[in-house]
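The values are calculated or read from the model by the stated rules, or taken from the named source; none is laboratory data. Model, not experiment: these values are computed from the prediction. All Cβ positions, glycine included, derive from the backbone under ideal geometry; neighbour counts span all protein chains shown.
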Amino acid sequence: MSKDIEKIVSVLRKGITEGVLNTLESRKCAIRNILKLFLENEEDIVKALEKDLRRCRTESILTDIDPSVGEAKTILSNMDSWLKEESVPSSFITLMDTVTIQKQPYGVVLIISPWNFPFILSFQPLIGAIAAGNSVLLKPSELTPACSQLIGELIPKYLDKHICQVICGDGSVSKILLETQRFDLIFYTGGTTIGREVYVAAAKKLTPVVLELGGKCPVYIDSDVSLDVAVKRIIYSKLLNCGQICIAADYLLCHEKILPVLKERIEETIKQFLGDNPQKCPDFARIVNVRHFQRLTDLLKQTKGKVMVGGMSDVNDKYFAPTVVFDVDEEDILMQDEIFGPILPVLSVKSPSEAIRIINSKEKPLAIYVFTRNKSVFDDFKMATSSGAIMMNDCTVHTLIPNIPFGGIGHSGIGNYHGRYSIETFSHRRPVILKSEVEYINNKIRYYPYTESGLSWLRWSLKKSDRNGCQIL
């Protein structure tokens, strides 16, 4: 296995040294081929997602296929301007010179993608990496074997082997990759525990990393909201992909004034979305495997809260009912780690400030969702909390907004991407300085022997210059 991996990385490295993606047109050609991959194989992708996750066609198109196509089109339309060398304003020190900043590819990038959205979370970073001029080794998740196999079959048909290759396998393959190979950048999407291991392995080789992790994304419902709208948006966030999404509503902080009517509204909404028996609804996905199913089952057994909605499950079908747990306290088992499933704990709070305190008592989340009609309440959350993103009156949909960065902070991740931010993430910003041969200033202030008049000239010139990062030698 190690020798095979070494050969694969060597081919990708050759793509960098031979400049396979040196021109913008070569990068555009590769991204157009990715577009063709999705347009020509949509039904095969839908079938693979249905096989691995029991995900319906509409949800697969909305979450995995169309966003990948949209990302490719956005980058194709804008990469000329996004990759153009940036001019740097002249200072006194550079009056006779030309200074620019070049976006340079890192080289060979390792992308380790997760199982919950196997295509978008593989191809969205892949598109950005190629646009920036990198070659890529893609390692999809073994937990969605049909999707990983399809990705492994399609990539060689649409992308040159010097641009991208796919390697499949379990966690041991990732371990070999990290221990035996030196990559120029590692992009990992997944859980925090494995994210730490990736970070440690990368640090040993001084390899830069982007970690797209998760965490417990809180939702606050204020006392003044339109409860029908709020509940629909929160429950949809929790049911999407059966709750297996890093930006799902993880727990609900509900103002005590509206708590008495919350249960009824939630039950009505679930029935409206999925019918009387969600297990028979073709739109509702399944838990990825028995291990994750058992993890969710254990959480419900250990919680001290009251299961007042749902709670049913079927291990043979990997079906887990939409479940809401009330009377949960801050120390409950449901409030410890990211749930990553269709279980929603509800905590009662007396005020927005209490909700903020609870949020700040935990690690920084990937997103915070605030439902309120009072902009000043939202501003309080915006100023007093820290998260990858914060949104007023909706959940989850910010990941579909073009041209904003997506990523976490602290335990929810390092770095961001999407659109132009993918270009930034997968590029090294290299200063390029073209020096004039004019020596008048150098003769006065730069060279030996130093003089008092030269020092005066130097100090005067620095006062006139933009000193941010200024170098005179």
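One line per residue, one yes/no per condition, for (1) surrounded by 21 or more Cβ atoms within 10 Å (Cβ to Cβ); (2) assigned by TED's automatic domain parsing to the domain that holds CYS147:
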site	(1), (2)
VAL166	yes, yes
VAL173	no, yes
LYS204	no, yes
ASP224	no, no
LEU227	no, no
ILE235	yes, no
ILE247	yes, no
GLU256	no, no
GLN279	no, no
Selected residue [in contact (Cβ under 8 Å) with a residue 60 or more places away in the chain, part of a loop (DSSP other than H, G, I, E, B) and not hydrophobic (A, V, I, L, M, F, W, C)] from ARG13, ARG27, ARG55: ARG55
Of residues in the range 30-74 being in contact with a Phe, Trp or Tyr (Cβ under 7 Å, 6 or more places away or on another chain) and of a type in the set (S, T, N, Q), the one surrounded by the fewest Cβ atoms within 10 Å (Cβ to Cβ): ASN33
Test set (1) at pLDDT 95 or above; (2) part of a helix (DSSP H, G or I); (3) surrounded by fewer than 16 Cβ atoms within 10 Å (Cβ to Cβ) - GLY19 fails condition number: (2)
Yes/no for ASP317 being within 25 Å of the chain's Cα centre (by Cα), of a type outside the set (Phe, Trp, Tyr) and in a loop (DSSP other than H, G, I, E, B): no
Failed condition for LEU344, given (1) assigned to a loop (DSSP other than H, G, I, E, B); (2) over 27 Å from TRP82 (Cα atoms): (1)
Yes/no for ASP394 being in the same structural domain as SER351 (by TED's automatic domain parsing), surrounded by 11 or more Cβ atoms within 10 Å (Cβ to Cβ) and without any contact (Cβ under 8 Å) to a residue 12 or more places away in the chain: no
Check on GLY243, crowded, with 23+ Cβ neighbours inside 10 Å, in the same structural domain as PRO345 (by TED's automatic domain parsing) and modelled with pLDDT of 95 or more: yes
Residue match in the range 391-409 (condition: among the acidic types (Asp, Glu) and in a helix (DSSP H, G or I)): no
Boolean, ILE287 is among the β-branched types (Val, Ile, Thr), touching a helix residue (DSSP H, G or I) at 6+ places or on another chain (Cβ under 9 Å), touching a residue at least 40 places away in the same chain (Cβ under 8 Å) and not in a loop (DSSP other than H, G, I, E, B): no
Selection from the range 79-105 of residues that are within 30 Å of the chain's Cα centre (by Cα), in a loop (DSSP other than H, G, I, E, B) and surrounded by fewer than 14 Cβ atoms within 10 Å (Cβ to Cβ): LYS84, GLU85
